[in-house]
Each structure stands twice: as structure tokens, then as C-alpha cells.
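Asks: Once you've had a glance at the structure underneath, I'll fire off some questions.
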Amino acid sequence: QVQLVESGGGLVQAGGSLRLSCAASGRTFSRSAMGWFRQAPGKEREFVAAIRWSDGSTYYRDSVKGRFTISKDNAKNTVYLQMNSLAPEDTAVYYCAADSQTPRYSSSGYHRNEQSYDYWGVGTQVTVSS
């Protein structure tokens, strides 16, 4: 089976930074995309960022553009989310996700859709104080 384990969450002041990591373990699997989603209390889970595995193309929700950067390390089977200029509205549980497709072209819409993903981590809490 495949497990995704997030780390790096915590409590930071507004304007601060955190780097989240998501390490895949278990059986070897193919993927075309990995992404980050988040869910704040009382709200639906929403897309944050994603990366196409084959060529590293990246996708972001508008509210994090210029502040967050998604990246990957193929050798470590790990994806990262560097979060800068954090604000209280970024407070949420952050979830890592991976699909199970062979590397291929896929659209921005595919990457932004949580239904595209097959494997999910249990989440890591990010809290930004004002």
C-alpha cells in the first residue's frame, strides 16, 4: 500500500514561513501529479498547489500565488510546499495527495480537482497567529 506522510506544520506568526514536506512510502507507485489541499474549520477542502510529475509544471490557487512554492525531489520521493508571508487566513489542516496515473500530460483543471487524486495523507496543522 501507499502512505503519504506530511510534516512541517506548526504555529507561526503572521508574516512568517513554514515548509511542509510530504514523503511517500510503501509500495512503488506511478503518478502524474502530487498536490496540496487544505481545510479550515467549518469550510470545505480546497486546492492549494499541485505539480505535474513529468515536467514539474506547477499550479496554484490565486490567493497563494507569489507566496507559496511547490517543488519535488524525485530521488527522495518527496514533495514540498514552501509557504512565505503567511496570514491568519492560511490557517488550516494541510493535506498531501497523489494520483496513481502513469506520467502523462494533464490539464490545469485535472491538477486542481481533488477527485483526481487516489492517495492522501492524514494532514498537518498550520496555524498562523495575528
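Asks: In the set A87, A92, which member is modelled with pLDDT of 95 or more, open to solvent by less than 70 Å² (accessible area, probe 1.4 Å) and either out of contact with any strand residue (DSSP E or B) (no Cβ under 9 Å at 6 or more places or on another chain) or farther than 28 Å from Q1 by Cα (or both)?
Replies: A87
Asks: Mind listing just one residue for me: the one in the range 72-84 that is assigned to a loop (DSSP other than H, G, I, E, B) and over 14 Å from V48 (Cβ atoms) and, of those, most open to solvent (accessible area, probe 1.4 Å)?
Replies: It comes out as K76.
Asks: On to the next question. For the range 31-45, which positions are on the phi < 0 side of the Ramachandran plot and open to solvent by 60 Å² or more (accessible area, probe 1.4 Å)?
Replies: Passing the criteria: Q39, P41, K43, E44, R45.
Asks: Can you tell me how many residues within the range 43-56 are modelled with pLDDT of 95 or more and either of a type in the set (G, A, S) or in contact with a Leu (Cβ under 6 Å, 6 or more places away or on another chain) (or both)?
Replies: Residues meeting the conditions: 2.
Asks: Given the structure, is T69 over 20 Å from Q3 (Cβ atoms), polar (S, T, N, Q), in contact (Cβ under 8 Å) with a residue 60 or more places away in the chain and part of a strand (DSSP E or B)?
Replies: Criteria not met by T69.
Asks: Are any of the residues in the range 30-38 closer than 15 Å to G123 by Cα, of a type outside the set (G, A, S) and over 14 Å from the mean Cα position of the chain (by Cα)?
Replies: Scanning the range 30-38 turns up no residue that is closer than 15 Å to G123 by Cα, of a type outside the set (G, A, S) and over 14 Å from the mean Cα position of the chain (by Cα).
Asks: Quick check, is E6 of a type in the set (D, E, K, R) and part of a strand (DSSP E or B)?
Replies: Considered against the rule, which asks whether it is of a type in the set (D, E, K, R) and part of a strand (DSSP E or B), E6 comes out as yes.
Asks: Condition first: surrounded by fewer than 17 Cβ atoms within 10 Å (Cβ to Cβ), of a type outside the set (A, V, I, L, M, F, W, C) and in contact with a helix residue (DSSP H, G or I) (Cβ under 8 Å, 6 or more places away or on another chain). Can you find one or more residues in the range 113-130 that meet it?
Replies: Among the residues of the range 113-130, at least one is surrounded by fewer than 17 Cβ atoms within 10 Å (Cβ to Cβ), of a type outside the set (A, V, I, L, M, F, W, C) and in contact with a helix residue (DSSP H, G or I) (Cβ under 8 Å, 6 or more places away or on another chain), which makes the answer yes.
Asks: Hey, another quick one. Taking into account only those residues within the range 12-29 that are under 15 Å from the mean Cα position of the chain (by Cα) and open to solvent by 20 Å² or more (accessible area, probe 1.4 Å), which is nearest to R104 (Cα to Cα)?
Replies: Among those that are under 15 Å from the mean Cα position of the chain (by Cα) and open to solvent by 20 Å² or more (accessible area, probe 1.4 Å), it is A23.
Asks: Let me ask something else about it. From R67, R45, which residue is touching a Ser or Thr at 6+ places or on another chain (Cβ under 7 Å) and of a type in the set (D, E, K, R)?
Replies: R67
The values are calculated or read from the model by the stated rules, or taken from the named source; none is laboratory data. These figures come from a predicted structure and were not determined experimentally. Reconstructed Cβ throughout: ideal geometry from the backbone, glycine too, with neighbour counts over all protein chains shown. Each accessible area value is taken on the protein alone, full model and side chains, heavy atoms only, with ligands, DNA and RNA left out. Shrake-Rupley method; radii C 1.70, N 1.55, O 1.52, S 1.80 Å.
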